[in-house]
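What follows is a short report on a single structure.
Laboratory data are not the source of any read-out in this text; all were calculated from the coordinates shown. Just so we're clear, the structure is a prediction, and the values are computed from it rather than from any experiment. Using ideal geometry, Cβ is built from the backbone for each residue, glycine included, and neighbour counts are taken over all protein chains shown.
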Amino acid sequence: MIRSPTFEKVSQDGDWLYVDLIDSFDYNNYVIAIRVFTNDFDTLYYTTHAKVNAFPLADNNLNIFVSAASIDDRGIESLFSVEHLVKLTTATSELVPHPNVELYQNKPNPADEVTIISFWVQDPASIQSAKIVVTNLEGKPVKQIPVVVHEGMNEVLFDHGYNMTGTFLYSLFVNGQLIETKKMVFAN
């Protein structure tokens with residue numbers, strides 16, 4: 001009998017569903033099922049060789065039910081796991097427009113143990129201090145990285161460490177004010 005995976009973490013921010021599975025049998029093939037209003041699944045996402053995933057959501061204003069099943073190497077699917085109600089969560093902070101600074105998506109994303117966070121600075125003369133703050137989805141700080149800013153592209157190497165997985169947020173602060181926040185995924 002094929003065993004269903006369980007969820008270590010599951011969350012959403014309205015645009016994305018973040019899933020971190022536990023599978024002690026290492027089937028390495030999974031189907032993530034989502035339903036909103038009915039008893040039937042609305043969306044199925046298939047994934048291979050990844051227990052940590054981010055999936056786009058069609059509607060960004062809903063609470064959803066999520067379940068998962070394992071698929072063995074013969075293509076046989078397990079029963080679906082117990083459903084989890086995933087409530088819409090988002091970190092809401094007032095963004096301060098800064099016409100001279102733009103935060104970019106980290107690369108690679110998803111990443112294994114290290115990723116590069118980049119941002120563009122048009123005029124560094126107005127910037128007295130800058131930092132990148134990395135948090136988990138619950139808002140708990142993971143790392144704070146002070147940045148020496150120069151004109152043009154600025155890059156920060158974030159080493160999360162090997163065998164660490166999950167979805168994180170990274171924010172750029174300039175002169176103590178939040179400029180922008182983006183998501184990044186670490187998967188092994």
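Here are some notes:
- Protection proxy ranking, highest mean first, for peptides 106-118, 11-23, 145-157: 11-23, 106-118, 145-157, where packing is the per-residue count of other beta-carbon atoms within 10 Å, averaged.
- Dipole magnitude of the range 6-86, debye to nearest 20 (Cβ charges: Lys/Arg +1, Asp/Glu -1, about Cα centre): 20
- Counting Lys and Arg as +1 and Asp and Glu as -1 over every other residue whose Cβ lies under 10 Å from the Cβ of Ser171, the net charge comes to +1.
- Cα lying deepest toward the dipole's positive end in the range 3-86, options Tyr45, Val10, Ile22, charges on Cβ: Ile22
- Test item: Cα-centred dipole of the chain, Lys/Arg +1 and Asp/Glu -1 on Cβ, debye: 280
- Computed about its Cα centre, the charge dipole of the range 101-186 is approximately 240 debye, with only Lys, Arg, Asp and Glu carrying charge at their Cβ.
- GNM top mover of Ala69, Ala33, Ala50 - the chain, alpha-carbon springs below 10 Å: Ala50
- Selected from Gly166, Leu103, Gly176, residue furthest toward positive end of dipole (the chain; charges at beta carbon): Gly176
- Debye intensity ratio I(q)/I(0), log10, the chain, q values 0.11, 0.16 Å⁻¹ (C-alpha model): -0.56, -0.99
- Taken one residue at a time, the phi angles of the range 155-172 give Karplus couplings (6.51, -1.76, 1.60, θ = phi - 60°) of 10, 10, 8, 10, 9, 7, x, 6, 6, 10, 10, x, 9, 10, 10, 10, 10, 9 Hz. Gly and Pro are set to x.
- Net charge over other residues, Cβ less than 11 angstrom from the Cβ of Arg3 (K, R count +1; D, E count -1): -3
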